[in-house]
Amino acid sequence: METLSQPVQQAVDVFTKGIKAWIRDEVDSEEAWMSATVLSKEVTDTGVKIVFQNDEDESREHVWESSLTLLEKNQGSELPPLRNPPKMENTDDLTNLSYLNEPSVLNTIRTRYMQHNIYTYSGIVLIAANPFARVQLYEPDIIQQYSGRRRGELEPHLFAIAEDAYRQMIREQQNQTIVVSGESGAGKTVSAKYIMRYFATADDKDAVGKAVKETSGGMTEVEEQILATNPIMEAFGNAKTTRNDNSSRFGKYIEIQFDKQCNIVGAKIRTYLLERSRLIFQPETERNYHIFYQLCAGIPLSERKEFELKDWTKFHYLNQSGTGTVPGVNDAEEFELTKNSLSMVGISLQTQWQIFRLLAALLHIGNIEVSGRTDAVLKDDDPSLVTATKLLGIKASEFRKWIVKRQIVTRSDKIVKNLSPAQGLVVRDSVAKYIYANLFEWLVSVVNESLSCQEPGLVNTFIGVLDIYGFEHFKKNSFEQFCINYANEKLQQQFNQHVFKLEQEEYVKEKIDWQFIEFSDNQKCIEMIESRMGILSLLDEESRLPSGTDQGFCDKLFSNFTTTYKGYFKKPRFSNSAFTVVHYAHEVQYEAEGFLDKNKDTVPDEHLALLQNAQSEFLVEMLQTATAAAAEAAAASAPPAKTNGPKRMNAAKKPTLGSIFKLSLISLMDTIGQTNVHYIRCIKPNEAKVQWVFEPNMVLAQLRACGVLETIRISCAGYPSRWAFEDFADRYYALVSSEYWDPNKSPDIRKLCDVILDQSIQDKDKYQIGLTKIFFRAGQLAYMEKLRADRWNECVVLLQKNMRRFITRIRYLRTKDLAQRLQQVARKKVGQRKLELLRQERAVITIQKYARGFLARKQMERRRQFVVLLQAACRGMLARKSFGSFRENNAATQIQRLVRGWMARKRYLAQRDHIIAIQTCIRRRQARQALVNLRQEARSATHLKEVSYKLENKVVELTQNLTAQKDEKKALQRQTTLLETEIQSWKEKHEKLESKMQTLAHGSSSVQEELDALRTSHDTLKQEHEDTLAKVEEQDKEIARLTAEVTRLRQQPPLKVSTQPTPKDEDVAELKNQIAALKAQLAQSLKTGGPRRQASLNAYGRNLSPQRMSPSPTTPGGGNRRGISPERVSPRGRSPTGANMAPFRRNSLTESKPQMIYAEPDQIRPMSIDHIDTLRDVNGNPEEAIHAILHDEQILEDEILEGLIRSLKIIPPNAQNPPSHKEVVFPAHIIGLGVTQMWRFGYLAESERLIFTVMDTIQKHCLSFGGEDTIIPSAFWLSNTHELLSLVCSTEQELEREMHFNAVHGRRAVGWHDFEKLVSTVKFELQCLEDNLYHHWMTELKQRLSKMAVPAIIESQSLPGFIATDTNRFFNKILSGSSQPAFSMDDLLNFLNRVYRAMKCYNVEPFVMEQGLTELLKLIGVTAFNDLVMRRNFNSWKRAMQIQYNITRLEEWCKLHEMAEATLQLEHLMQAAKLLQLKKSSLEDIKIIYDVCWLLTPTQVQKLIQNYNVADYEDPISNDILSAVASRVSSSDSNDILLLDNVSLDDSPYEVPEPQLVVANTYLPSYVSSSFTLFFL
């Protein structure tokens, strides 16, 4: 009977019923492996038989059989690979798989790819599957998310690899290399391009001395130039192939150079093996290099004519494949991008057109027609020949000659031989390839010269990005594929050695016993290619022979390698002109045809000399560069020369293309060997380039070719599974007794792991215990999982047994208790029924008693009402009868009275009319007589003079009366004001006494008497107030009467004077003039509403013209004019104060300034005089003191800046006792009032300097604060700045109203335009100051808040009962300490409270408060949402509840502070939290999620569901659901974004609120004192 060893037996025991495994698909060629479930297992004495059921088609069964001998011989390696649990199949790192095998790796990559996750880790390798669609993975916000993050914190990404390389370069000060490899179309070029973009745009703010980007995505000039190399290299080195629309036809290694501060200071590019043959021939559906099509599509018309360019279909080098366009690519736009990139790297526009001229010449060379039968024939007038030679600047005849002829140089002579047409075409094409290859090399050298660091010693380290072609295997493979596969052999060897080195370092680091791991070393294959007698050496040898042929090269290979390298070289069975090389990835058969020509890649010396002597300086410079490079390569590759007797020294050998490539590849490997290498393997998932289509067999072949499976094989040869002690103990603690892991006993994790291993695995060779990890052989974890599953099954059975017993007993006890309760209820019901009957009987008796009483009372009430109605009817009849007789008597009396009155009035009117008639006749006669007398008197001058005197006396009397009435009115008004004040005070005392009286209602009688006296006094004062008001009303009536009388006198008709001259005509004229003057004075008094003022008060005009430090040529007198017209005018205005102070400004300083001069200074109406008394000093003349202050500007500025700004004591905000408005804005009012008074006194230039100095000081003062210290000063001065702006606007309106009033009355003002300019400038600068203060304030707040948002909203857990841990470990309390986030939700709310309280207490405009708080909440929402979306192994339903609770607290805060609309900024975050809490087990649940989370994009929903952290008690999200969610993502939808646009920390939009209508107040705290404020207040 055969037996199995313990390891093999363990492997077989794992296959129990229900276990899933992978079976090779022998039927369907599209699927490499199929998933199947174990139905049964049969183990006999001689073999093992396992029956599987296909998971896709349950009707299919698969039988696996093997003998025990074979199993023991292979150590169980032939057993079907096990499938990982569903939870593990979506892992982002293949090394975390429980079963690390080929089908599991393929399935994981496929699962993630179908969920639109194109990146997967495999240890140190990043596997990138090309989606063939646009994905939202490379935005600037994504770059910043990966910046500063360790690998593993976020989803796998090439940015994570780039960040890891960058961090290692900083930490270890070692150069790094990122190797990007893969076959054509796998996405290598795009990956390398995004890596370079990451280094150029990522902002590392933690690095000391590193330049911080100005904005997100901002770049330096060097970084922009590095990115500009991508369009250049792609245009000149990339082409469309059948596998890729933008395939790199060369290899490149870009060194990005950094200084000691980790700033990018330069770059360097190395290129390898440009595919020169593509220039002259392209297979079907492929294209030539992009630059030719760009040139044909985008060249301007003038240059098109000069270069004689046509459509691409007209050129032989472009139309051979029949394909000239790429879907979705505009060649004209790409041409502009190429030109801009060339300019970016320092190539002038003139040089660019020289390049394009050369490219056009190459296209024309391709159109040169070489004909003939035996000898080549080329016409002299061939248009393409003429155009090409003209563009190249060479002689057409010479060029034509050496295309059809060849010169052979012997020792004694030169022989010219005709070429065949085919040879002529080869010569033509070789010239074109030679020129283009040198152009490409020259372009690379120019780019390197532009990008390289100019300062020697500045470069400290570099990160290299290698974009190299992947392993290629076509139907027909030639020299290019041979070189490419040779390079991949070298890279694979380096990769294997690097992986083995890491494995070895891991074992040494953990100090475990290990043995050398065997892995497939391809050194023999590399030696066969590059050794001294290798393939390349034999190719060079054959190439140098004059009679060398491709067949001769093949024969040498067959004779040298058939036996020596038997396992790596094979001869094809059906071909003598081909050879087969067994590469690490696949056997490749190479056709030897063309090997020699491509290896030599030579140009006839005659053509070379012709080109080197061309008229084009650009072409000559290029060829010189190429010659120097060739000489350098020859010197490096040629062996030392030997002498043999008298023979001369060997001539220098011209380097071949194979030798050059070999040397450059060896140099590249040396460079890579000196750096720390990171690997990105690009995978092409399907051949048709269809988006999100996965072909397993194709991917599996690439995984083998790129070395991923080899890495896994190397790992499996040692200890592939590695678990930390904590993870292992948490996973398998149930396999031992609870005494070892009881949390109350604080168990030792290391000891617990030892116990688990001792009891579970008997063979000590199957695991090794290191310092921090446990290492397992392949298959051991599967056995451990089986033991764990068995143990859990036992525990479940035990739990079920006890639970069933418990449930049965509980059911019995409940039944018994229910019966007892039913009996109690029945007895209770019977008793309640009896009691109810007794209550009803008693109630019936009571109801009868009250019903009978009610009926008796109702009957009595009806009788009483009848009697009352009868009495009322009788009494009404008697009253109506008595009233009728009274009305008749009264009517008769009234008729008699009216008749007697009418008769009396008639008699009176008749008598009155008679008397009036008599009087009229008498008065008429007397009037006629008086008229005659008056006419006689009017002719005398004396009478006229008397009349004038009387009129003058009457006017003077009226004026005096009017003045007296005015004075009396003012006195009464003052008395009224005093009385009202006194009344108000008495009212207050009265109210206080009344309140006191209510409390002392039963007090002494003296208090009552005092109250009565106060009431009496109050009534007396009230009566006096009423009397005073009555007097004022009478005075108003008297003034109105006098005004009417004066008006009547003015309107009297002028006296008629006889036209006859008299001796007194001169006196009469003088009297008339006096009367006119008196009338004018009277009219002026009536207009001003008061007595005449002295005209001298306004004898001098006020200066309202602002001045600056430098004179303007447009201003008369040297004054400056600046500013703009006011944009907003306040509707309120008042007369400016202090207009009567102008007469005292008579010094030279005042006279030299532009002034506002009025045409009639004596008629200027008085300004507001309510401030005149406050400006009077002891001597009654305050202006001289004010002028003295204003003359000394420095002292004035020092007092204001120091007293009101720098040393000002700001009242701290207090919600319970907030400061009053005047206590907050008094600095603005004091400054504004002072500046206004300076304007009124004419010190406009001084006021301008003062106000600008004040604004500058305020800004510097606020900018000096940072962090939370900026909350109070910024809010305080933001409010004061806006108040000062409102004061300036109000002052402008006052002066504008005054100017308008003077203009209406014919008084012209000079200098108003200059004043408008000053005010407009001041308003604009104040608005700018507001914007700067707000910008600085919000920047500091957002910088502080950006650090608090994520810890407070995402990480803080304030909701008790739902505390989530970072891991789902059972031993979380033991294995990890409790780490609290840096900030809690209380910290965030306290911060917002401080901001809001400062805004509220300092009277910041509500509009500004809403604007600022909305911006802060938007920052919180966006920052928290973006962090939540990108987190891995964090998002669970418990975390979502905590986040939702934190958001709810924030929303409640907003509603409490009347900011409900600002909560819209948190909607994305709220919906994300809801998504994490919703069910995700079916497609219907997914539909509900999309309905509820309508604001989230499909990409965001996919990312959140994909990163959902499933707990142990939850069912994992199925791959079907994840694929369904991924299918909703559309690459064509530009709105389908992953991250929200970040809120800029340095830019806060601000809209200045409208100025308010304010009145300046003179409040000044006691601690502020300055001569400026005292004089102007």
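The values are calculated or read from the model by the stated rules, or taken from the named source; none is laboratory data. Note that this is a predicted model, so its numbers are computed, not measured. Because the Cβ atoms are built from the backbone with ideal geometry, glycine has one as well, and the counts that use them run over all protein chains shown. The area values use the complete protein model at the heavy-atom level, side chains included, leaving out ligands, DNA and RNA. Shrake-Rupley method; radii C 1.70, N 1.55, O 1.52, S 1.80 Å.
Worth pointing out:
- Taking the range 1435-1495 and dividing mean pair separation by its residue count, relative contact order in percent (alpha carbons under 8 Å, at least six apart): 39 percent
- Charge sum, other residues only, whose C-beta stays under 9 Å from Lys20's C-beta, Lys/Arg counted +1 and Asp/Glu -1: 0
- Set against the 2.2 N^0.38 Å expectation for a compact globular protein, the range 725-836 has a Cα radius of gyration ratio of 2.01.
- Computed from the Cβ-Cβ distance with R0 of 45 Å, the FRET efficiency linking Phe886 to Arg923 stands at 0.25.
- The range 221-369: relative contact order as a whole-number percent, Cα under 8 Å and 6+ apart: 25 percent
- Each 10 Å bin from zero up to the one holding the largest Cα-Cα distance in the range 923-1001 carries the following percent of pairs: 15, 16, 16, 13, 11, 10, 9, 7, 4.
- When you filter the trypsin sites (Lys or Arg not before Pro) in the range 308-395 for DSSP loop state and at most 15 other Cβ atoms inside 10 Å of their Cβ, you are left with Lys310, Arg373, Lys379, Lys395.
- Kirkwood Rh, Cα atoms: Rg over Rh of the range 227-335: 1.06
- Shown here for the range 410-502: trypsin sites (Lys or Arg not before Pro) in loop regions (DSSP other than H, G, I, E, B) with at most 14 other Cβ atoms within 10 Å, namely Arg411, Lys475, Lys476.
- Positive-end ranking of Ser1274, Gln1259, Phe1241 along the dipole of the range 1240-1280, with charges on Cβ about the Cα centre, is headed by Phe1241.
- Stretch gain in nm, segment Lys1487-Glu306, where the contour uses 0.36 nm per residue and the Cα spacing is subtracted: 418.9 nm
- Protection proxy ranking of 1510-1522, 526-538 - average other beta-carbon atoms within 10 Å, highest first: 526-538, 1510-1522
- Leading residue at positive end of dipole, the range 778-922 (Cβ point charges), from Trp902, Thr808, Ala782: Thr808
- Each residue, Asp1019 and Glu861, gets one label point 7 Å from its Cα in the Cβ direction; the gap between the two is 5.0 nm.
- Filter on Lys476/Lys570; Lys252/Lys689; Lys41/Lys786 - keep pairs with C-alpha separation over 22 Å: Lys252/Lys689
- Between Asp381 and Asn933, the simple label model (points 7 Å from Cα in the Cβ direction) yields a spacing of 14.0 nm.
- Stokes-Einstein D for the range 1202-1281, Kirkwood Rh over Cα pairs, 10 °C, 1.306 mPa s (µm²/s): 115 µm²/s
- The modelled label-to-label distance between Val1304 and Lys1400, using points 7 Å beyond Cα along the C-beta direction, is 4.6 nm.
- By the Stokes-Einstein formula, at 1.002 mPa s and 20 °C, the range 18-102 with its Kirkwood radius over alpha-carbon pairs has D equal to 152 µm²/s.
- Extension gain, Thr285 to Tyr949, is 226.9 nm, computed as 0.36 nm per intervening residue step minus the present C-alpha separation.
- Estimated FRET transfer efficiency (Gln762, Arg1528; beta-carbon r; R0 60 Å; 0.05): 0.70
- Calculated FRET value between Leu1042 and Glu1554, using beta carbons and R₀ = 45 Å, to 0.05: 0.45
- Separation of the range 573-598 from the range 749-792 is 50 Å, based on Cα centroids.
- Difference of contour (0.36 nm per residue) and Cα-Cα distance, Glu224 to Gln824: 206.9 nm
- Label point 7 Å beyond Cα of Ile769 along Cβ direction - residues of the range 714-732 with amide nitrogen under 16 Å: 723-730, 732
- For the range 672-679, 3J(HN,Hα) per residue [Karplus equation, 6.51 cos²θ - 1.76 cosθ + 1.60, θ = phi - 60°, Hz, x = Gly/Pro]: 5, x, 8, 10, 8, 9, 10, 10
- Put a plus charge on the Cβ of each Lys and Arg, a minus charge on the Cβ of each Asp and Glu, and nothing anywhere else: the dipole of the range 119-204 about its Cα centre is then about 160 debye.
- Highest average first, the peptides 154-163, 1391-1400, 616-625 ordered by how many other beta carbon atoms sit within 10 Å of their residues are 154-163, 1391-1400, 616-625.
- Here the ratio of the Cα radius of gyration of the range 59-155 to 2.2 N^0.38 Å is 1.47.
- Probing with 1.4 Å while keeping every protein chain in the model, the per residue accessible area of the range 847-991 equals 88 Å².
- Computed over the range 1379-1522, the convex hull of the alpha-carbon atoms projects to a mean area of 9.6 nm².
- Among the trypsin sites (Lys or Arg not before Pro) within the range 1209-1270, those in coil by DSSP and having at most 15 neighbouring Cβ atoms inside 10 Å are Lys1209.
- Between the range 873-900 and the range 39-81, the alpha-carbon center distance in angstrom: 135 Å
- Within the range 372-505, the proportion of Cα pairs with more than 20 Å between them is 71 percent.
- Centroid-to-centroid, using Cα positions, the range 328-375 and the range 664-693 are 30 Å apart.
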